[in-house]
Structures are given as C-alpha cells and as structure tokens.
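Structure, as structure tokens:
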Amino acid sequence: MNAAAKQRHFDLKSFLANNGALVGLVVLCIALWIATPHFLTGPNLMNIGIQVSTIAVMAFGLTFVIVAAGIDLSVGSVAALSAMVSAYWTTTAGLPDGVSILVGLAVGAMSGLVTGMMSAYGKLPTFIASLAMLTIVRGLTLVVSDGRPISTSESVSFLGSNLGPVPMPIIVMVVTGLIAAFVLNRTIIGKNAFAVGGNTEAARLSGIPVKRVLVTVFAISGLFAGLAGMLLAGRLDSAQPTLATGYELDAIAAVVIGGASLAGGVGRISGTLVGALVLAVIRNGLNLLSVSSFWQQVVIGVVIALAVGFDVIRRKNVRH
Amino acid sequence: MSPQPVLTLDSVSKSFGRIEVIHDVTVDVYPGEVTVLLGENGAGKSTLIKMIAGVHQPTSGRILLDGEPVSITDTKTSESLGIATIHQELNLVPSMTVAENITLGRTPRRFGVINRAEMRRIARDALAQIGLDLDVDTHVGELGIARQQLVEIAKALSLDARILILDEPTAALTTSEIEALFDVVRDLKAKNVGMVFISHHLDEIAAIGDRVNVLRDGGFVAQVPATTDEDELIRLMVGRSIDKQFPREPGVTVQNTPGDGDAAAPGSTAGSGAAQPLLEVKGLNADGLRGIDLSVRPGEVVALAGLMGAGRTELLRCLAGADHYASGEVRVNGRKLKPYDVAAATRAGVGHVPEDRKTQGLVLDASVAENIGYATMGATSRFGLVDRRGQKARAEKIAERLRIRMDSIEQPIRSLSGGNQQKAVFGRWFSAGSKVLLLDEPTRGVDVGAKVEIYELINEITAGGGCVLMASSDLPEVLGMSDRVLVMSQGTIAGELPTAEATQDSIMQLAVSNVHRDEEEPHAASADTGDEGATA
Ligand SMILES: Nc1ncnc2c1ncn2[C@@H]1O[C@H](COP(=O)(O)OP(=O)(O)OP(=O)(O)O)[C@@H](O)[C@H]1O
Ligand SMILES: [Mg+2]
C-alpha cells in the first residue's frame, strides 16, 4: 500500500521480464559478433535491414488484428496481389504511374476489409475468413498476372531502391512503425482494438462498435501487407505471382515473439519490430555460419516455441 | 469451545512486488465452526483465503493444518489436503456442461474412457444438496450468474472437504438460495467441517457465523463473536460509523446537487418537472420475457425484484441493447431506441452495469483508468485521437469519489479486489454522464461504506433529472434505495408496489405469484399479466 511513489523509478527486473525478446535479440547479436567477423559489418547489417523490413511492415499491420484477438493468414497473398495489381496498372494497362503505389495500397486495404466483413458480419472465425482469403487472393494474383511476373512501376521500384546509402525499405519500415505505434496507442482505433481483444463482450456492453473495430483492424492489416508487397516487388523490379508466399507465418511469429498474445488484448509495435529482427538475425547468422537451410527451418521453429513458451510462463508469474 | 483449530494462518504476510497487502495476520479455523472474515473492499480477505487455496503463497508466516506446518504450493495440493474453495470470481468453463464443470479435474473414468453416467450422478447429487433443480447437461455459459454461483458451490461441496472456504458466495444469490445454502452450512457444521465465510451482508454473519475476524488495510484488527451488533462491526471494519446505510433522496423535485456532473453528457434532458417518462417500454417480448410494459420518470429509482430466473437480467440486457427482443419498443426520452445496438443506446444516454463484472464488465488486462473510460473514450476523442489527459482525469476523479482502493490508476484492473472492480464498472457509467442507468446488482460484492458512495451517486443522477432501473436481490437495498418496486416473476411483471408500502413479505408474495398461476395456464398470453392491482 501507499507505495505509488515507489513504483515510479526504473525497475530493471521488470524491464527485463517485460522485454524478453529484446534481451534475446541483444544476446543473439553479441553471440554472432563473437562467432563471426562478418556479422557486424555495414553491408551485412543493411542486408538484415532489408530482409527485416518486409516482414516488419507486414507484422505491424498484423499486430492490430492480433491485439483485437483475431488472426490474419492472408497477409502474404495480399502482399502479392497488391504488388501485382499496382504493376499491372502501369505496365500492362498503361495507366499513370503517379498513383501506382496508392493503387497497391487500396487493393491491400480492400482485401483486408473483405476479410474483416466476412468475420464481423458473416460471423466466420477470423482464422477461417483469412484462410479463405489466402487462397482467393493468391488465385486472383495468378489471374491478374496470368501466372507471369510483371515489371513494377518506377515509383514502386523507387521503394525498393536506395536513398543515398540507406535502403528505402528501411526508411519505410521506420516511418510506418512510428505511424503504427501512434495509431495503436493514441487513437481510438487502437484503444478499441485493445478493448475488443481483451474482452469482446465487455467492449460491446460499453458501447464500443465491435464489428466496425474488426473490419478496421483487418483493413489496416491489408494496407500494411500491400505496402510490404510493393517493397518486396520494388526490390526485384518485378511483381512475381508467388511473391511473399508463406510470409504470413513469419509475420505471425514476429508479432508473437514480440510479446503479443494470440488471445488478444496485448501487443506492442516495438515488440513486433524486435520479433521481426530476431527472426531476420537468426536467419542471417545461420547463413553466415553456413548452416544448411533445412536446419535453419528447424532452428526457427524451436526459437518460436521457446520465445512464446517463456512468455507464457512469465505472464503466469505476473498474474499471481 | 473446540480447543484445537483444524487450520491456522500463523502471522502470514503477503506482498505483490513491493506492495504488502497482508501484514502479519493470524486466523484460526475450528472444526464445526464458521470463521468469518470481515473487512472493506481491498482489506485482503480474498488474498488471505487464496493462500489457503494454494493460489498464492505467503511471503512470510506459516500455515498449520491440525497443528502441523504445511506448504500449499498449488490448488491441487490444497484440494488433496481436504480443502475446498469457492472463489469470489467464478471459475467455470462456459463451454462445458454443468456436469463436466462439477467433475472438472477428477472426471470419473472407466477403462480410460469418461464415465458419463457416473459424472452425471456426481453432479446431480451435488446439485441436490443445495436444492438446485437443473439439467446437468446444460452448458454453463447459458446460465445466469446466480445459477453459475450455485454450480460453483455444488462443485466445492462435491469434494466432501473437511475445510470449506466461501468467498462471497451469497453476493449473487436471492434470499431463497441463500437460505438453502445456509441449511447446507449448518449441516456441515454438524459434520464438523471447518468453514471460512466472507460476505458484505452483515445479517448473514449473525445468521451462520461463529467468530468474526476483522481486517483493515491488510492488517488484523480484532476478533469478536458473530453476535456483535452491526454498528459495532461496521465501526471495527471501517474505522468510523456510518449514520445512514440507505441515503435515498427522491430526485423528482430537481434539486441540483454540487456540480460534479462532468464529462460529455449524452442525450441530456432538460424536461424538468415534465411527467414524460425518461424510459418507456411497451409490449416487450423476448426470450424469457413476455409483455413487459414499464416506464420510469426522470428522478426516479425503480427497483426490479424477483426470484432467480425471473427475467430481470434479460430485461435489462434488452433495454441496454445487449440482447435481441422479438417485439415491442423501448423509448428513451420519447425517442425510439434501435434494438440490439449498445452503441446506439449509449449515445442515447443509457448506461448498463451488467451482472457479471468479470465476463461482461471488465477488460481484465487493461488498466483501471481504461476500464472506467470505455464509455467516454469515443465521445471525447478528437480527430480519432484519444483524449488521454481528460480520460485519466475523469477516471481519477471517479476513483476517488468511489474510494477505489488501488496503488495506481494505471494498474491492471485484474489486480484489484472484487468489490473495487465492481465500483469501477459503476463508475464508468457515472463518469459517462448516463441519464438512464440500468443496474444489474450494482453493489454486488461492495462493502457497506462504498455502497453508500454508490447510493449517493445514484441520488446525484436522479437529482440531475436522470433515472435508474435497478435489479437487486438485496431486499434491504431495494427497500432502502428505490421509489417504486416492480416485481418480476416468470418473465412478466407480476406487480408494482410503492416502496413506502412494500415489505419483504409483500415483494416475495408477488415474486412467487405467477409460479402458481402458470401451472394452470402454461402459456399465458401477455394480456393477463400487467395487472398491477390484482395482487394486493
Ligand atoms: N495480483 C495482485 N497484484 C497486486 N495487488 C493485488 C493483487 N491481488 C490483490 N491485490 C491487492 O491486494 C489488496 C487486497 O485484495 P483482496 O482481493 O484480498 O481484497 P478483499 O478483501 O477480498 O476485497 P473485496 O471485498 O473487494 O473482495 C487490494 O488492494 C488489491 O488491489
Ligand atoms: Mg475479495
């Protein structure tokens, strides 16, 4: 009791307990720095930055859905469709390049909107609704592209280029991360997502429009996925029909490693970024140490299980 | 009397992080006796019993069983030592049946396969003990909170424990179920079971208690016999005396109280002195409700009384937009309310305190401030940005008003005591400036002192031209705080009484009236129900 003042000052123990993934990331980096001279070099770090940016941007959007106690399996496919339609817009249809990025973003947001509507109004569980969208959207990508890659517009290619020494994807990631964090923590959209994810029934009985919240978070997820898709395509100067296949799993892993709970109500953008970094650094490190890509998959799986397992234990301790 | 206590908490303390919530408390539990723990919300009663139940471990001190020190590391250990606990917040799995819940963790098996017949038998026996007539294959989620509480009690009884802990088991129950429970308790006393009982209803302490341990701020205050008079108990527990337990001031003559009514007041009524009802319900039919007509005028507090399952909760939920209704209309301030739309009801000035704070009222992982603020968050936001400072200020103000005991307004509401959580749910709607308050057991688990604070806020709302429709199983509260009583029975309004003329007996008579009538005429049409006069 009467200890409000005591709580104020910095508590290292609770900081560490609350930022397990960050601690893990730091340990990982130090270990790799000792293990291989190639890790801590400018080019390698840029390389990691580029790799992490796509997953991170995708995972930022996904964080909204997971905070609201949903799941979005369609983000990889949505990324592909957005990139493809945007490429089609300029390259195939010859429409003005000036809006090609906006077109891609709109496609992403619309796809998310549809998933959200299916689950909010069609009463499908988000897992099922987004699973359906995963195949529907991938199919549409193939239809639009006729199964062939299409070169991206100049503005999309610019997203994949370098700005001076810094790769654009890293800049985009930082900017979108800041925006996402702001929206999640300061706006009514974000706060509603936390309430709905924490206890849907209590949120509804408090007058929070639960259905609208669900549709909104899926639209946000789609929007970010669309941007991620264009980052990826811009890097290659072409939108591939198989673009970002399987990325949804990495994105989900990033969010969950970052401390979000699949049960909803908990999640942070900074955590998601750390989660994405953990995955990218491990992949990079294993490559540098020339571990076979087969074993890499095993290692990544183990890391996900450990990270989330620790988190569950930690949360249990905090609760009682 | 009995020389050897069966269980002793020997100068235990408990801290969460840096905060000590129990300080050096010693409690003895004797076989065949009911040991009462009494204290304000947040005094530490639940924390104390959770140490016996294996949920928490004491930071220091010992627990003795039959004089031998034991360490109760988890709930399983507690059970295996012969201790059964009924926790304050329900711990049932809503998607499972009554029988599955009662046998949870010790499901009877035969050749590795669940023995469903045996499972049902155990459940039926357990329910029969407390006289609850219920299909054991019903899913628990379909039951109201009173029935869920009874299932929880049955579950604990079916363990045949030698020590039984009851943390506010009566808070959600009506008089007849409480009587049934007390019969069981008396029976267990005769069987030498040692019991720990927590309740904020002081009359219950006299009814079944033996000795009372009073706690204040996590410390031990006194041990007194259960025959101690109520005023003395209150003084021990609160540290001061309370002059008026029910400070009802009828608000019809709009006397403005000190300007505390802050925040965006949606749908404000300017109709002072107008006889026009603020809340009006016509011909409402829904699942379990038939032909409900009622109206509540500005300044009025109308109580809904009735037996368990009479339809009070369902009615309030329909009015709040939480549930669908088949036909009928609800008007607030003369304007028709869109059915099944809580957000629309909220905008029209309706506030609803639901019956179960844990599943319907609170986002447990969110902070106290956020939980108080959910109803004003949207209305006060600008350009989609949450008004963080305003939200916090409003929450702090209401928390102080209701004396919500906490360390910080940013602490997760999960870590507040039950009564303090309940105050937060009520505070949400007060701070939203709701004009039509639909309260479902608003003071469930709230201590005597804090109840008065809630009642004063109710007075303030009616004085400002608002109205209150309140379902309550606490008859003294009904008689002390309402202007009119509507008695429900079997989904209809069986009658109406001005509170001044109502007594516990006249209310109970009306509450059972339809039960008999229905036996002759199973599907009575709504036409023969709203006959208020026919009952006196
Ligand atoms: N897990 C926790 N973390 C931090 N504080 C806690 C935790 N659990 C309980 N507390 C604090 O301990 C104090 C005692 O709580 P407890 O639940 O024992 O009260 P209570 O006497 O049962 O009150 P009520 O009558 O409202 O049920 C409260 O101030 C509460 O905020
Ligand atoms: Mg308690």
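With a cut-off of 8 Å between alpha carbons and a minimum separation of six or more residues, what is the relative contact order of chain B in percent?
Contact order relative to length: 16 percent.
Using label points projected 7 Å from each Cα along Cα→Cβ, tell me how many nm separate A:Val23 and A:Leu124, to one decimal.
In this crude label model, A:Val23 to A:Leu124 measures out at 4.2 nm.
Report the residues of the range B:172-202 in range of a label on B:Val70: point 7 Å along Cα→C-beta, backbone N strictly under 17 Å from it.
Flagged as within label range: B:192-197.
For the ranges B:466-473, B:323-330, what's the packing order if you count other beta-carbon atoms within 10 Å of each residue, average per peptide, and put the highest first?
Listed from highest to lowest mean packing, they are B:466-473, B:323-330.
Would you calculate, for chain A, the mean residue ellipticity at 222 nm contributed by helices, counting each DSSP H stretch of 4 or more residues as -39,500 (n - 2.57) and dividing by all residues, to the nearest 500?
So the calculated ellipticity at 222 nm is -24000 deg cm²/dmol.
Say the dipole of chain B comes from +1 at the beta carbon of Lys and Arg and -1 at that of Asp and Glu; which of B:Ser60, B:Ile49, B:Val468 then lies farthest toward its positive end?
B:Ser60
For A:187-198, what's the mean count of beta carbons from other chains sitting within 10 Å of each residue's beta carbon?
5
Could you check which residue among A:Lys191, A:Lys123, A:Lys211 shows the biggest mean-square fluctuation in a GNM of chain A with a 10 Å Cα cutoff?
Fluctuation is largest for A:Lys123.
Give me the one-decimal Kirkwood hydrodynamic radius in Å for the range A:53-310, with the sum taken over alpha-carbon pairs.
18.2 Å
Using the basic label-point model (7 angstrom from Cα toward the beta carbon), what is the B:Ser95 to A:Leu249 distance in nanometres?
That separation, rounded to one decimal, is 2.4 nm.
Across the range B:312-324, in residue order, what do the Karplus-derived ³J(HN,Hα) couplings come to in whole Hz, using 6.51 cos²θ - 1.76 cosθ + 1.60 with θ = phi - 60° and x for Gly and Pro?
For the range B:312-324, the Karplus curve yields 5, 4, 4, 4, 4, 5, 4, 5, 7, x, 7, 10, 6 Hz.
Can you give the mean number of other chain Cβ atoms that lie within 10 Å of the Cβ atoms in peptide B:381-392?
3
Give the interface area between chains A and B as buried accessible surface, both sides summed, probe 1.4 Å, in Å² to the nearest 100.
So the total buried area for this chain pair works out to about 2800 Å².
Specify which residue in the list A:Val291, A:Ile220, A:Gly264 is farthest towards the positive end of the charge dipole of the range A:53-310, using unit charges on the beta carbon of Lys, Arg (+1) and Asp, Glu (-1), about the Cα centre.
The residue sitting most towards the positive pole is A:Gly264.
Assuming R0 = 35 Å, can you tell me the calculated FRET efficiency for the pair B:Arg335 and B:Ser408, based on Cβ-Cβ distance, to the nearest 0.05?
0.30
In the range B:1-74, what trypsin sites (Lys or Arg not before Pro) fall in a loop by DSSP, with at most 10 other Cβ atoms inside 10 Å?
The qualifying sites are B:Arg18.
Between B:Glu230 and A:Ile179, what FRET efficiency follows from the Cβ-Cβ distance if R0 is 60 Å, with the result rounded to 0.05?
Between B:Glu230 and A:Ile179 the formula returns 0.50.
Along the Cα-to-Cβ line of A:Lys211, 7 Å from the Cα, sits a label point; which residues in the range B:310-349 have backbone N less than 19 Å from it?
Correct set: B:318-327, B:337-348.
When ligands, DNA and RNA are left out and all protein chains stay put, how many square angstrom of accessible area per residue does the protein assembly as shown have with a 1.4 Å probe?
41 Å²
Charges at C-beta only: +1 for Lys and Arg, -1 for Asp and Glu. How large is the resulting dipole of chain A about its Cα centre, in Debye rounded to 20?
Roughly 1140 debye, rounded to the nearest 20.
Which lysines have a Cα lying under 29 Å from the Cα of A:Lys191, excluding residues fewer than 8 positions away in the same chain?
A:Lys6, A:Lys13, A:Lys123, A:Lys211, A:Lys316, B:Lys338, B:Lys358, B:Lys392, B:Lys397, B:Lys423, B:Lys435
Within a 10 angstrom radius of each residue's Cβ in B:367-373, how many Cβ atoms of other chains show up on average? Whole number is fine.
Shielding by partners across B:367-373 averages 2.
May I ask you to give the percent of accessible area on the protein assembly as shown that is carbon plus sulfur, with a probe radius of 1.4 Å?
Of the solvent-accessible surface of the protein assembly as shown, carbon and sulfur hold 58 percent.
With an 8 Å cut-off on Cα pairs and a minimum separation of 6 or more residues, tell me the relative contact order of the range A:53-310 in percent.
Here the relative contact order equals 35 percent.
Rounded to the nearest 0.05, what FRET efficiency do A:Phe310 and A:Ala31 have when you use their Cβ-Cβ distance and R0 = 25 Å?
Plugging the Cβ-Cβ distance into 1/(1 + (r/R0)^6) gives 0.90.
Hey, quick one: spin label on B:Ser295, modelled 7 Å out along Cα-Cβ, who in the range B:430-446 has an amide N within reach, i.e. under 20 Å?
B:435-438
So for the range B:7-238, if I pair up every lysine 8 or more residues apart or on another chain, how many of those pairs have alpha-carbons under 19 Å apart?
7
The values are calculated or read from the model by the stated rules, or taken from the named source; none is laboratory data. Predicted model, so just to flag it, every value in this text is computed and none were measured. Cβ sites come from the backbone with ideal geometry, for glycine too, and all protein chains shown count toward neighbours. Accessible surface areas use protein heavy atoms only, side chains included; no ligands, DNA or RNA. Shrake-Rupley method; radii C 1.70, N 1.55, O 1.52, S 1.80 Å.
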